[in-house]
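What follows is a set of notes on a single structure, which appears directly below.
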Amino acid sequence: MLATMSAEEIRSLQRKVLELKRRKDAYIIAHNYQLPEIQDVADYVGDSLGMAMEAKRTDHPLVVVCGVHFMAETAAILLPDRKVITPERYAGCSLADSITARQLAEWKREHPDAVVVAYVNTTAEVKALSDYTVTSSNAVDVINAIPEDREILFLPDMFLGMYVREITGRKNMYIWPGECHVHARVNPQDISRAARENPDAVMLVHPECGCSTNCLYLKAKGELDVDIKIFSTGGMVRYVKEHPDNDYVVATEVGILYRLQKEVGSGDRLKPLREDMVCEYMKMITIDKLVRSLEEERYEVKVPPEIAEKARVPIERMLAISSRKR
Ligand code: 13P
Ligand code: SF4
């Protein structure tokens, strides 16, 4: 549908969204990877942590989450008395799918005294079995807040886990071998090539990328002569805002480029590390689906109360530890 839509059709649907939003007193929260036309009509655009914080802060009766399913589920868990909807109920996440509640329960039986730290990219059922949730922007803070003598089970992203273990120096942390299909394909050779081609650029690398720990290692050994910053998508936005005159190579889903472009006023200084870093789940949310979602108040995201009650605990702990504003 989107490929055949003209710019005027998109603008007309955007006007409809704004009108419906006003009429229904709805609030739209979108992720940094969303399509430009979605980002432009959202009330808030940010990373997973920012989206959770914003969901909690808002008092609108209808909250629309434009992001993948676990993001909408997190909002629904935090807002049990509000209506939370998503324009596309099949927008999944390969990382969230890499561990089930049953697998986690089994892992916990092998480490009965361990603290379970789950990346927010997980299902509500997995969160309900966890002690803390984290996002890429606060994982280090959360691990540092856990007493050193406690074992940690970290899931499901192995690259984020290895990165956090490297930064915190934590020895007793076990990592689940899960990955995101978009970020896992990035390798250190991609970074070396980009560094050769763009010697003055800053590399912004998401910790889910397959190269994140390797980058730190090579950099420490002096084998990678490039300025690398490892950030959540929200961290990337803040950094670019504060340093608008740099050139950047960005290693995460390409939707972030539009978000960054808005901060610096043009795309001239921004390049994706790989054009093929596209999350097809994020792109399932289109402007026509958003209109339909608002019109029909669908698809409502409901988490069974007994799961939501348990899943809320680790999310609230994460929000309490997070030092960041939003
Ligand atoms: P952020 O929390 O950094 O936005 O990451 C979410 C995500 O799904 C990355 O692929
Ligand atoms: Fe999930 Fe990867 Fe898509 Fe992020 S980019 S939503 S981790 S599949």
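3J(HN,Hα) along the stretch 140-155, derived from phi through the Karplus expression 6.51 cos²θ - 1.76 cosθ + 1.60 where θ = phi - 60°, amounts to 5, 4, 5, 4, 5, 7, 8, x, 4, 7, 8, 5, 10, 9, 10, 8 Hz, with x in place of Gly and Pro. Among Pro112, Ile167, Gly50, whose Cα projects farthest towards the positive end of the dipole of the chain, with charges put on the beta-carbon of Lys, Arg (+1) and Asp, Glu (-1)? Farthest towards the positive pole: Gly50. If you take all other residues with their beta carbon under 13 Å from the beta carbon of Leu13, and give Lys and Arg +1 and Asp and Glu -1, the sum is -1.
Think of each Lys and Arg Cβ as +1 and each Asp and Glu Cβ as -1; about the Cα centre, that makes the dipole of the chain roughly 500 debye.
Within the shell defined by Cβ-Cβ distances under 11 Å, the residues around Glu300 carry a net charge of +3, with Lys and Arg each +1 and Asp and Glu each -1. Summarising the amide proton neighbourhood of Tyr248: residues at separation of 5 or more, or on other chains, whose placed amide H is nearer than 5 Å comprise Val202, Leu270, Lys271. For Ser136, no residue 5 or more places off, or on another chain, has a built amide H under 5 Å of its own. Using the Cα coordinates of the stretch 85-163, the gyration tensor eigenvalues translate into equivalent-ellipsoid semi-axes of 22, 15, 10 Å, sorted from longest to shortest.
Put simply, the amide H of Val116, placed in the peptide plane, has neighbours under 5 Å in Asp131, Tyr132, Leu153, leaving out anything fewer than 5 places away on its chain.
Once the convex hull of all Cα atoms in the chain is built, its volume per residue stands at 129 Å³. A simple rule links phi to the HN-Hα coupling: the Karplus curve 6.51 cos²θ - 1.76 cosθ + 1.60 with θ = phi - 60°, which for the stretch 79-88 gives 10, x, 9, 10, 8, 10, 10, 10, x, 9 Hz, with x for Gly and Pro. All other residues whose Cβ lies under 11 angstrom from that of Ser192 are scored, Lys and Arg at +1 and Asp and Glu at -1, for a net of -2. Derived scalar couplings between HN and Hα for the stretch 35-45 equal 4, x, 5, 7, 4, 5, 9, 6, 7, 9, 10 Hz in order, rounded to whole Hz, by the Karplus curve 6.51 cos²θ - 1.76 cosθ + 1.60 (θ = phi - 60°), x for Gly and Pro. Under a model in which nothing but the beta-carbon of Lys, Arg (+1) and Asp, Glu (-1) is charged, the stretch 241-297 shows a dipole of about 120 debye around its Cα centre. Think of the chain as a dipole: +1 on every Lys or Arg Cβ, -1 on every Asp or Glu Cβ, centred on the Cα centre; then among Tyr299, Ser137, Ala96, Tyr299 lies furthest on the positive end.
Estimated at 0.36 nm per residue, the fully extended path between Glu9 and Glu197 surpasses their Cα-Cα distance by 63.8 nm. Placing +1 on the Cβ of every Lys and Arg and -1 on the Cβ of every Asp and Glu, with no other charges, gives the stretch 3-117 a dipole of roughly 400 debye about its Cα centre.
Coordinate-derived values only; no laboratory data. In this text the structure is predicted, and so the values were computed from the model without any measurement. We place every Cβ from the backbone using ideal geometry, glycine too, and count neighbours over all the protein chains shown.
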